[in-house]
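Colleague: Please read through the structure below; I'll follow up with questions.
The values are calculated or read from the model by the stated rules, or taken from the named source; none is laboratory data. Computed from a predicted model, the values in this text were never measured in an experiment. FYI the Cβ positions are ideal-geometry reconstructions off the backbone, even for glycines, and counts take in every protein chain you see. Each accessible area value is taken on the protein alone, full model and side chains, heavy atoms only, with ligands, DNA and RNA left out. Shrake-Rupley method; radii C 1.70, N 1.55, O 1.52, S 1.80 Å.
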Amino acid sequence: MGILQRFTDIMSANINSLLSNAEEKNAGKLLEKYLADARANLEELKAETSAIIADEMAAGRRVTANNEEIAKFDRYAEQAVMAGNDDDARKFLDAKAKLTAKKQDLENAYELAKANSDKMRQMTRKLMDDISAAEGKMGELRAKLTVAENKEKMDDLMHKVAGRTDLAGFENMMEAVQKRIDAVDAKAALNEELADTMDIKKLEEKYSEKAAAVSASVEADLAALKARLGK
């Protein structure tokens, strides 16, 4: 891919618009693909940017060197004139003129190299920002996915619990518990009833003995009375 096409594609790329028309379930795959491509592009872009920045630096050095040469020959021409050597001064001025003629071309080349390096820097920063934004989006999606998965697990668990503890099952359980309570109450009532029966029997026996004793006493008194009357 050419530099200009790469620049156009990267500068027009937008993470939000990339995901705007994507279904949420496909957003993760789109981001993963984008990140893989962007990271690969970034490594290539860094190498290209470094090369173009190196060109800019070289162009800048040529401009500086040319200016220094112009200044040097101008200074030599002055010294030759002061020394009364006009021919030498002409030679220095001729060399200066040739360098001055190259000055504009060198400066134009530098400006072009600088413009290219500025674009490459801008493109590199943009791509790095896009990667950072995509990584942030990926983090958000993963967080949402975790929440969704946890919700599905909770829903499934609640469904299972509801299936095991439905109303009918709950009523059956309550009925079984009530039966156990009733059985305990019945046993306690029976024990109390049996205890009362035993008490009554003992009471009856007590009074039965007294009745027998009274009856025996009466019979003895009757026998004694008959004997006294000669009956």
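Colleague: Between a residue in segment 43-63 that is closer than 22 Å to Ile131 by Cα and touching a residue at least 40 places away in the same chain (Cβ under 8 Å) and any residue that is hydroxyl-bearing (Ser, Thr, Tyr) and assigned to a helix (DSSP H, G or I), which pairs come within a Cβ distance under 6 Å, given they are 6 or more apart or on different chains?
Modeller: Every condition considered, the pairs that remain are Leu45/Thr124; Thr49/Thr124.
Colleague: If you don't mind, another one. Hey, can you tell me all the residues within segment 66-87 that are in a helix (DSSP H, G or I) and exposed (fewer than 14 other Cβ atoms within 10 Å of the Cβ)?
Modeller: Hits for segment 66-87 are Glu68, Ala71, Arg75, Glu78, Gln79, Met82, Asp86, Asp87.
Colleague: Output the residues belonging to segment 23-60 that are open to solvent by less than 30 Å² (accessible area, probe 1.4 Å) and at pLDDT below 90.
Modeller: Within segment 23-60, Ala27, Gly28, Leu31, Leu35, Ala38, Leu42, Leu45, Thr49 meet the criteria.
Colleague: Go through Lys91, Lys114, Lys103 for me and flag whichever is surrounded by fewer than 16 Cβ atoms within 10 Å (Cβ to Cβ), in contact with a helix residue (DSSP H, G or I) (Cβ under 9 Å, 6 or more places away or on another chain) and closer than 30 Å to Ala51 by Cβ.
Modeller: None of the other options fit; the residue is Lys103.
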